[in-house]
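Engineer: The structure's right below; bear with me while I get my questions together.
The values are calculated or read from the model by the stated rules, or taken from the named source; none is laboratory data. Not measured: the values here are computed from a predicted model. Don't worry about glycine lacking a Cβ; one is built from the backbone with ideal geometry, like all the others, and counts go over all protein chains shown.
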């Protein structure tokens, strides 16, 4: 049932949002050099790597200077990138990931391999289901970049504080997952974005 939901609504979403996709693509092209999309290897279901798709919000090769984005004024972010990130529009291409089965609408956010390798045995359970565009942790930590910007050592703050808290919420989602919970989380995510 969940996979049918994902296929139907991701396909519908891609069709409905095609004009917006074209507009965003044009703005990215005129704003800075580089491609329209950003692809990054993340860890998905059953501990398998896949490439997550986003609209590019940073200058090319920015991830070589760090995987975490710290604060809203990270100088690697492009002008249009600030806007796309603020309203989570950079995440829209993940509808393609949902359609092809790498991701689901709702599920634990997929992490990069570097941090997954730090998971303990209990935390690895988050890899038993498809990762998602949103879940409890995505809503609670929608301001993660701002939280990290207040730390003297953002990466250690992420590893020691934020990541474990997010994984606890991921496991809570897995324990409670059903179509009603998914729909509620989708609407809560939309409300959080526009709040």
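Engineer: Which of (1) touching a helix residue (DSSP H, G or I) at 6+ places or on another chain (Cβ under 9 Å); (2) surrounded by 16 or more Cβ atoms within 10 Å (Cβ to Cβ); (3) in contact (Cβ under 8 Å) with a residue 40 or more places away in the chain is the odd one out, the single condition residue 112 does not satisfy?
Structural biologist: Every listed condition holds for residue 112 apart from (1).
Engineer: Select from segment 22-51 the residues that are in contact with a helix residue (DSSP H, G or I) (Cβ under 8 Å, 6 or more places away or on another chain), farther than 29 Å from residue 178 by Cα and assigned to a helix (DSSP H, G or I) and list them in ascending order.
Structural biologist: Passing the criteria: 24, 27, 28, 31.
Engineer: Which ones in segment 118-150 are free of Cβ contacts under 8 Å to residues at least 24 places away in the same chain and not in a loop (DSSP other than H, G, I, E, B)?
Structural biologist: 144, 147 - these are the residues of segment 118-150 that are free of Cβ contacts under 8 Å to residues at least 24 places away in the same chain and not in a loop (DSSP other than H, G, I, E, B).
Engineer: How many of the residues making up segment 88-108 are modelled with pLDDT of 95 or more and assigned to a loop (DSSP other than H, G, I, E, B)?
Structural biologist: Number satisfying all stated conditions: 7.
Engineer: Taking residue 46 as meeting all but one of (1) crowded, with 16+ Cβ neighbours inside 10 Å; (2) more than 17 Å from the chain's Cα centre (by Cα); (3) more than 25 Å from residue 192 (Cβ to Cβ), write down the number of the exception.
Structural biologist: Checking residue 46 against (1) crowded, with 16+ Cβ neighbours inside 10 Å; (2) more than 17 Å from the chain's Cα centre (by Cα); (3) more than 25 Å from residue 192 (Cβ to Cβ), the one that fails is (1).
Engineer: I need the full set of residues from segment 151-195 which are crowded, with 18+ Cβ neighbours inside 10 Å, more than 17 Å from residue 108 (Cβ to Cβ) and free of Cβ contacts under 8 Å to residues at least 40 places away in the same chain, in order please.
Structural biologist: Listed by number, the list holds a single entry, 157.
Engineer: Ok, one more. Every residue in segment 115-136 that is crowded, with 23+ Cβ neighbours inside 10 Å and out of contact with any strand residue (DSSP E or B) (no Cβ under 8 Å at 6 or more places or on another chain), please.
Structural biologist: Result: 126, single match.
Engineer: With respect to residue 85, is the statement that it is modelled with pLDDT under 95 and either closer than 30 Å to residue 174 by Cβ or surrounded by 16 or more Cβ atoms within 10 Å (Cβ to Cβ) (or both) true?
Structural biologist: Considered against the rule, which asks whether it is modelled with pLDDT under 95 and either closer than 30 Å to residue 174 by Cβ or surrounded by 16 or more Cβ atoms within 10 Å (Cβ to Cβ) (or both), residue 85 comes out as yes.
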